[in-house]
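These notes concern the structure reproduced below.
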Amino acid sequence: MADENEDVVAEEQPKVTEEAGGVMDLNSALQGVLKRALVNQGVARGLRECVKALDRRQVHLCILSKDCDSAEYVRLVEALVAEHSIPIIQ
């Protein structure tokens, strides 16, 4: 049994850092996650793949590019994301 007089030392949480040693921002963290997901075939690219994944509810996060030229595509993806309560980054 543990002594009641023992001091319990809490470990500090290390800061999330890049390989170069700096603190990660949102864009660099997102790049790292996307690279790992791409290696493991976890990224759906293109409208057809995205709509299929959104309908099947296999999506954990949707990233919508700002340079999409068709407003209909944007509305379709936004509607599917809202219907299934999936977080979106635009």
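For the stretch 65-90, residues that are assigned to a loop (DSSP other than H, G, I, E, B) and in contact with an Asp or Glu (Cβ under 8 Å, 6 or more places away or on another chain) total 0.
Residue check: is R57 loosely packed, with under 10 Cβ neighbours inside 10 Å, charged (D, E, K, R) and modelled with pLDDT of 80 or more? Give the steps one after another, and end with the answer.
Working: loosely packed, with under 10 Cβ neighbours inside 10 Å: no; charged (D, E, K, R): yes; modelled with pLDDT of 80 or more: yes.
No, not satisfied.
The values are calculated or read from the model by the stated rules, or taken from the named source; none is laboratory data. Everything quoted here is computed from the prediction, not taken from an experiment. Neighbour counts are summed over all protein chains in view; Cβ atoms, including those assigned to glycine, are modelled from backbone coordinates with ideal geometry.
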